[in-house]
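K.L.:
One structure, as structure tokens, below. Some questions next.
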Amino acid sequence: MSRPIICEQCHKVIEEKEDLVTASIFFRVKPYHYFCYGKDVRGARSVFFTNHPLNGISGNLSYLLTLLMTVALFLFTKSFIKYIALVYLITETGLRIYAYCTYSRHLKM
Ligand SMILES: [Zn+2]
């Protein structure tokens, strides 16, 4: 067992991968219990601080949509906005790789 993953909300150890939600807030990746994420991060704070889960079904689905939108923009437009979409996609990819290397891969299934 490597270093423990501590939940940002309740400060307890996260034991299993299924219980882990990694969220990016201002380009900083934070680990949460699934329950704590629902309680804290998605509440009133999310109105003012954009955050979204990086893993799990909703995180993977939003990443897939971002990927498809970026590919569609590159195929069908000549506008500069495709480069903004590309920068966003690269940022999202980097955050996911960071979240996996830092948190997810240390937990058992
Ligand atoms: Zn927690």
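Nothing in this text is a laboratory measurement; each read-out follows from the coordinates by a stated rule. If you're wondering where the values come from, they're calculated on a predicted model, not measured in any experiment.
K.L.:
May I ask you to give the average projected area over all directions of the convex hull of the Cα atoms of the chain, in nm² rounded to one decimal?
P.N.:
The number I arrive at for the chain is 7.4 nm².
K.L.:
Calculate one ³J(HN,Hα) per residue across segment 23-34 by plugging θ = phi - 60° into the Karplus curve 6.51 cos²θ - 1.76 cosθ + 1.60, and present them in order as whole Hz with x for glycine and proline.
P.N.:
Result, rounded to whole Hz: 10, 9, 10, 6, 6, 10, 8, 10, x, 9, 5, 4.
K.L.:
Another one. Can you pick out the pairs among Lys17/Lys39; Lys30/Lys108; Lys17/Lys82; Lys30/Lys78 whose Cα atoms lie more than 25 Å from each other?
P.N.:
Lys17/Lys82; Lys30/Lys78
K.L.:
Next up: Taking every DSSP beta bridge that has both residues in the chain, what percent is antiparallel when rounded to the nearest 5?
P.N.:
Around 90 percent antiparallel, to the nearest 5.
K.L.:
Mind jotting down the distance between the C-alpha centroids of segment 59-109 and segment 1-37, whole Å?
P.N.:
After rounding, the separation between the Cα centres reads 21 Å.
K.L.:
Just from its helices, what would the mean residue ellipticity at 222 nm be for the chain, if runs of 4 or more DSSP H residues each count -39500 (n - 2.57) and the sum is divided by every residue, rounded to the nearest 500 deg cm²/dmol?
P.N.:
Helices in the chain give a 222 nm mean residue ellipticity of -14000 deg cm²/dmol.
K.L.:
Once segment 50-109 is represented by equal point scatterers at the alpha-carbon sites, with solvent omitted, what log10 I(q)/I(0) does the Debye formula produce at q = 0.26, 0.28, 0.30 Å⁻¹?
P.N.:
With no solvent term, the Cα-only Debye profile gives -1.08, -1.16, -1.23.
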